[in-house]
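See below for the structure under consideration.
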Amino acid sequence: MEVTVKIFENRMVLTANGNTVDVAPSKPFTSTRLLVGTFMPAVECLKEGLAKVGATGFLKGKPKLLVLPQAMTEGGLSEIEERCLLEVGLSAGAGKVEIRIT
């Protein structure tokens, strides 16, 4: 299953198979300087969103994520920011993660 993940400051919007969910973390993951400044709250938020959109569960393969950062992208992403977004996706259970700035 392919899932589009739009990441905003302390909020994610996931879309898969025409189903869209908006998820907020229990603890903020955005810091004053970074879109994902705290790793585990971002992973938990993404896991919750993947479950709500129906991308994870019993007998389901690992989803492919298209991650679209929607904030704090002025000048592009650094290698560290890209790696962080990649690791958030993989830690949440994705099989493949693609990061794209729109």
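Quick notes on this one:
Yes or no, residue by residue, for (1) in contact with a helix residue (DSSP H, G or I) (Cβ under 7 Å, 6 or more places away or on another chain); (2) touching a residue at least 24 places away in the same chain (Cβ under 8 Å):
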residue	(1), (2)
Glu2	no, yes
Lys6	no, yes
Gly18	no, no
Lys52	no, yes
Phe58	no, no
Val67	yes, yes
Thr73	no, yes
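- Residue list for segment 37-52, filter: of a type in the set (Val, Ile, Thr) and in contact with a Pro (Cβ under 9 Å, 6 or more places away or on another chain): Thr38
- If only residues of segment 31-88 that are of a type in the set (A, V, I, L, M) and exposed (fewer than 12 other Cβ atoms within 10 Å of the Cβ) are counted, the one that is nearest to the chain's Cα centre (by Cα) is Ile80.
- Filter result (touching a residue at least 24 places away in the same chain (Cβ under 8 Å) and farther than 18 Å from Ile101 by Cβ) within segment 20-43: Thr20, Val21, Val23, Phe39, Val43
- Matching residues, segment 75-97, being touching a helix residue (DSSP H, G or I) at 6+ places or on another chain (Cβ under 9 Å) and charged (D, E, K, R): Glu87, Lys96
- Applying a threshold of 9 Å to beta carbon distances and a minimum spacing of six or more residues, or different chains, the list of pairs starting in segment 79-102 at a residue that is under 13 Å from Val36 (Cα atoms) and ending at one that is assigned to a loop (DSSP other than H, G, I, E, B) and among the hydroxyl-bearing types (Ser, Thr, Tyr) reads Glu81/Thr73.
No value in this document is a laboratory result; all are computed from the given coordinates. None of the values given here were measured: they were computed from a predicted structure. Reconstructed Cβ throughout: ideal geometry from the backbone, glycine too, with neighbour counts over all protein chains shown.
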